[in-house]
Each structure stands twice: as C-alpha cells, then as structure tokens.
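Everything below concerns the one structure shown next.
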C-alpha cells in the first residue's frame, strides 16, 4: 500500500473529527495519526484498494459523526475522537499467503468445509461438483456431485448462472457432520443432499422430483450448517420466488420470500423456523446449540433464532451491519466470521463497486474485528470467511480460487 494513501485517509478522517468535535491540533488525537502512519509504512507495497477515500464515503462519515456527537456530551469528545481514529485508521488487513486455484474454467467456491480429519478444503463449484483439495501436487479433485442424473459430457466445465445448472446442480452451502463423516450440501436446485465419508453420488434428504409436477418444495437453497451435538441441519431458502439464475432480479425487487429451516436426519422431519426474510444467505449454529444465526443479505442484518431457553422459538436482531452479510461460520472460540460486502455509490453495470471484508463477531453480536479482503478479491464479492487452524480460507461466487490468508 502506498503510505501516501494512509496519510490522505487519516488526514481527512482527522479533519472530519476535528470539525465535528471541535478539538484542536493540540489534542492528543493528532499523535495517533502519526503513530498509525508509521505502523503502516512497512506494508506500503500491498496493493489494497482503499475505496474509502471516495468523497461519497467522507460525506457519509461527516453526517454520521454529526449524528453521534449530538448524542454525546462534550466531555466525551476527546475519548470518542481517539476511538474513531484508532478504528478507522488502523483496520486489520488479511495478508494473502496463497491462492488454491480451481481447475479451469471452473469458478464459484461459494462455501468451504473441512472433514473431521482436517482434510480439505472442500468446495462446491459452478458445474455442479464438489471438489476436495488434495495438496499442491494434485490440486482440487472431484469428490462428489449433487445432481442425481448428472451428465459429465454436458456439465463438466459449466459456467456459473448457466440455465444448464438446473440439471447439472449448483452446490452452495457445505458442512460436515464430524460425528458421522457425512457431508451435507445445500444445492440451489436439488435441495439438501448427503454425501458419504468416501464421496460419490448424493442422497437427497428431502425427497422430491424436478418439474413437471410435482414441483420441488424449494426454489433456491443457499446456506447450511450442522449442529455438531444433535446432527440437526439448518439451512436457508434464499427465495421462494426466484432461482439463482435470477439473482439480479431478486435483488432489484428486494424479494423477501426467504426462510430458515431445520432438518432432523433422525426423524426426516423438516420445519420452518423463520419466514419473510430478504435473501437469507448464511446460517451458523452457536457452540452450545442454544441459537442459530441467519444473515439477511438485502437488509444488512443478522437474526438470532433461539432454539432453547426462555426465548425458545423466537427471534431477534443479532447485529445490524453497514454492508450485506453472506455466509456465517463459527470459529473454535465460539465467535462468528461473517463475509460482508459493502456497495459503494450507484451500481454501474454489471454490478456495483464492492468492498469485501470479513467480520469477527462474538456471541453477543459485538463486532470484534474487521478484516479487509480487497487484496484477495479486488472489488468482487466475498461469500465466505472460514477460520481453520488459525488461518482464514475465503471463497467467492465469482472467483476461480480459494484464498488462504493470515491476519495482520
């Protein structure tokens, strides 16, 4: 990163804070700017896209600061200004270690999973297959597929958003049951599927046949997680009106026909937990199994649905974010990584400018860390941030690789 960008960024932030709070250049916030510039000097060569420098963002920042400061007594101004400078001038940066490339021309490692032996990552890709990374020499190898009648000649190498995905499959959310070794997949067209510990053909957990009638019970499945204690599968239907190929129209119409479901393999029962969600894309069960989180992409928020306790069978807003959340993954400490995309300005074709990032959130909905993923994905959207053995594995519906990063 060019240090001059950080000078500009922190300088403008300082100007906005001084203007709003009334603090002078002699206040103790100014040395913090110099401190942060020095800290970032040795990462000056990192090619990170600092879109936050746009005038649009600073106008929003200015209005936000005015609103906040109107609620805070002047005796708190110095403390608030220092906190703002620290948070905004010293974001975490994910240092890219490696890119695990998919076999060409495959794209779209939307979700990431690791088996109970630490093998992987496993990813679902654009042509309906699930691949397993077998090491640097072998790369990604076919592990399973999701279409019950998949034709390799037609399907292999298929691009994302093709109409042929309706017959080839499109696996999105992936999660292992580490007790049984089985892999569960949410396929956008074929529903919830189970794959044995050795891979191979799938078993449909919720039986149905493709149109003509009877129609499938789900239009567009997306996120998935498995409760490690009970084996219950939680999954989202992103929309009951649109399929994945119609995603732009889904967003344009602000569709809110999505739902959160549970599936119990021991009883084969499926139950609706929440309805009326605006593109619910990610889902994650808490460490103790007392609640499940579901992200709502179109409203920039995460809901908590209580499974046990005095609030059982009720929901509440867990976190209101500044960007659109996608997949959610719990880390070994019981915290959650959220893939978030912030869209800047009007949406030029074919899609708006995007700032991808990862958020680490605790069980109370407090954001502990924000990690820039611009080096990994540029202005493309990130779909999942998955912490494994202290390293971040990230995927994107539009990328041809999985990234491996460490946090600075």
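The values are calculated or read from the model by the stated rules, or taken from the named source; none is laboratory data. All of these numbers come straight from a predicted model, not from anything done at the bench. Here the Cβ positions follow ideal geometry from the backbone for every residue, glycine too, while neighbour counts run over all protein chains shown.
For this structure, a couple of remarks:
- Residue in the stretch 255-263 that is touching a residue at least 24 places away in the same chain (Cβ under 8 Å) and under 17 Å from residue 112 (Cα atoms) present: no
- Residue within the stretch 318-330 that is in contact (Cβ under 8 Å) with a residue 40 or more places away in the chain and surrounded by fewer than 18 Cβ atoms within 10 Å (Cβ to Cβ) present: no
- Among the residues of the stretch 243-256, not a single one is touching a helix residue (DSSP H, G or I) at 6+ places or on another chain (Cβ under 8 Å), buried (at least 17 other Cβ atoms within 10 Å of the Cβ) and part of a strand (DSSP E or B).
- All conditions but one from (1) assigned to a strand (DSSP E or B); (2) within 25 Å of residue 289 (Cβ to Cβ); (3) free of Cβ contacts under 8 Å to residues at least 60 places away in the same chain apply to residue 393; the one that does not is (3).
- Residue check for residue 206: in contact with a strand residue (DSSP E or B) (Cβ under 9 Å, 6 or more places away or on another chain) and at pLDDT 95 or above: no
- Which listed residue is touching a strand residue (DSSP E or B) at 6+ places or on another chain (Cβ under 6 Å) and either closer than 26 Å to residue 152 by Cα or modelled with pLDDT under 95 (or both), from 87, 106, 96: 96
- Only listed residue being over 15 Å from the mean Cα position of the chain (by Cα) and assigned to a strand (DSSP E or B), chosen from 363, 316: 316
- Members of the stretch 142-167 found to be assigned to a helix (DSSP H, G or I) and within 30 Å of residue 387 (Cα to Cα), listed by number: 165
- Test result for residue 116, surrounded by fewer than 22 Cβ atoms within 10 Å (Cβ to Cβ), within 25 Å of residue 247 (Cβ to Cβ) and more than 19 Å from the chain's Cα centre (by Cα): no
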